[in-house]
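One structure is given here, and the rest of the page talks about it.
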Ligand code: NZQ
Ligand code: ZN
């Protein structure tokens, strides 16, 4: 295992009814001006908005609503939120939604306590946060990113055509409330996309050094098996509480830093997806579903032992009488079949990319992940993107 330091400062409240039970008490520790931030109309359609608003009103909070946070949140929206928070003397930001709302609000919590340009100082490069961001609490309504328990925030700078994430422990939410019932209304497409994002985060971590016997890889296998079981169940019956709660917690476990301990972590597929998103605004989990199996077909030989372990331990593929290469490829094929089974796209064209010419620009703009098994180059990324087309 590599050396590590571990800390996760987010307090988690999980389960049916947790918002009703705990939100008022938690908020009593903060000032009265609450910025209630969310995306589009989903929380108004499923009753979550009314439930939260009633709690805030009963507690005598001054509610400042900030809505319209889009999927793949833009830096422009972050600036709008930053100004809004400053103008209204916000004491706490309450982000209600998925990764996009949570990420945008993390950046706002930082920007509202800072005088400079946060893109230049904290997203374009890694910065040191020497001040306290405005406190942030989150209420999760769609699972996948795991943003609720880390300091990561992925922001798209439309002008620069860069979508990039940074993980600052100071941006960890102070608390997260996770009621699996809040996710009952998530569409099949978003359920599949978020579910695949969970699997993707685990695979990006699992397929990286070190490969010595380590507890992180063992936990990762258990988590992958749980997603493979519970995602089809949630798609079959969106109100399956057991499936929704397992997906919700697996999503957090994949990104709360625990399975990353002692691992170098890859995240090359994410780097490619982020730039694909910067150019096309595609759905995050759908982009990953297209890229990740193709990426693995290009690098599996460099991590052959681990791909064999993935096939046998996660997909129960028999290795009897087969070469290691054959077993590894059968594991990748099982992943591809799973992606088809849950109804996600498998080509860039299905994602709506029509112009093949943009691929070289996308490839050129991708970060190269140092933790990849493969020897990654921009040329290889272009080859992968062309294969995805
Ligand atoms: O905007 P509304 O109307 O709320 O609809 C949303 C949105 O259209 C809908 N939704 C949310 N809760 C719902 C619901 N629909 C019905 N019922 C509910 N209860 O779901 C749609 C997608 O939401 P979004 O937040 O965009 O999805 P997701 O959670 O997948 O977040 C994606 C963003 O997170 C970033 C991605 O790159 C992307 O920008 N990521 C953040 C990470 C992090 N901070 O650690 C890591 C990830 O790898 C990822 O990069
Ligand atoms: Zn992701």
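Every number in this text was worked out from the coordinates using simple rules, so none of it is lab data. Owing to the predicted nature of the structure, the values given are computational and were not obtained by experimental measurement. Every residue, glycine among them, receives a Cβ derived from its backbone with ideal geometry; neighbour counts consider all protein chains shown.
Here are a few things to note about the model shown:
- Among 307, 84, 131: highest mean-square fluctuation, GNM of the chain, C-alpha pairs under 10 Å: 131
- Spin-label pair residue 58-residue 2: with each label point 7 Å from Cα along the Cα-Cβ axis, the two points sit 4.7 nm from one another.
- Full-stretch length increase - residue 187, residue 337 - with 0.36 nm per residue and alpha-carbon distance subtracted: 51.9 nm
- Using alpha-carbon coordinates, inclination of helix 48-58 to the longest axis of the chain, degrees: 30 degrees
- Estimated from helical segments only, the mean residue ellipticity of the chain at 222 nm is -14500 deg cm²/dmol, where each DSSP H run of four or more residues counts as -39500 (n - 2.57).
- Counting only DSSP beta bridges whose two residues both lie in the stretch 118-224, roughly 60 percent are antiparallel.
- Our note on the geometry: Cα centres of the stretch 140-156 and the stretch 190-260, 14 Å apart.
- Rough spin-label spacing in nm, given labels placed 7 Å along Cα→Cβ, for residue 346 and residue 383: 2.2 nm
- Taking 145, 252, 210 as the candidate residues, the one with maximal mean-square fluctuation in a Gaussian network model of the chain, Cα springs under 10 Å, is 210.
- Helix axis angle, 378-388 relative to the chain longest principal axis, alpha carbon, degrees: 90 degrees
- Degrees separating the helix 284-299 axis from the principal Cα axis of the chain, which is the longest one: 30 degrees
- Taking all Cα pairs closer than 8 Å and separated by 6 or more residues, the relative contact order of the chain comes to 16 percent.
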